């Protein structure tokens with residue numbers, strides 16, 4: 001449905017509820033009044049959900065981003081003390097990275113929290129080089145090529161933060177679908193590789209990330225990122241919500 005069609009649809013909800021309430025007041029039949037009242041409340045309720053309908057998504061639906069456990073809390077303490085999160089957010093602010101990233105991720109219907117993944121990957125350094133991976137999103141050469149980036153002796157699109165942001169969005173979208181929008185597993189797949197995660201899930205017989213025994217880097221990757229989100233959201237909200245969808249910012 002087009003945005004114009006949705007607006008007409010929602011406006012008709014308002015008119016219908018008002019009409020039913022008026023008829024309820026006028027009616028002398030108790031059963032008619034009761035039926036009209038229930039109908040009016042239904043339409044009012046649908047109208048009250050307008051922000052969700054217009055936005056097309058619900059934020060913080062499954063609580064994955066706000067959960068807490070001992071593994072997350074350990075890193076919350078670390079990132080609260082060392083200011084790493086603030087340093088990265090300051091860099092993103094000065095270069096207006098998040099405004100662009102949020103627009104791209106919104107297009108791909110990704111959770112807004114994922115826009116902050118570069119805090120963990122590169123501290124929003126578009127030229128970051130870890131040896132095996134490069135750029136803001138730390139793509140390996142093979143993954144970069146799989147998602148449309150040119151990597152050769154002449155140029156390396158991993159260092160183009162705009163191009164690599166689109167590739168990161170496509171990759172995260174595919175990971176989300178592969179792991180049924182279980183973002184703990186999808187994030188672990190971003191770090192350790194989707195095939196590695198699929199093998200571990202199958203061999204260990206669980207899709208609960210917190211019960212999986214994984215290699216150290218992947219084991220710590222998800223609690224680190226969730227801790228960074230917690231610290232950024234609670235201590236630096238002005239930096240954290242910059243450029244983000246308004247409905248998400250209002251959800252806290």
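Could you work out the Rg to Rh ratio of region 64-251, with Rh taken as the Kirkwood radius (inverse of the mean 1/r over all Cα pairs)?
Reported Rg/Rh, Kirkwood definition of Rh: 0.94.
Need the C-alpha centroid separation for region 181-223 versus region 86-148, integer Å.
The distance from the Cα centre of region 181-223 to that of region 86-148 comes to 21 Å.
We did not get these values from a lab; they are worked out from the coordinates using the rules stated. Remember, it's a predicted structure, so these values are computed and weren't measured experimentally.
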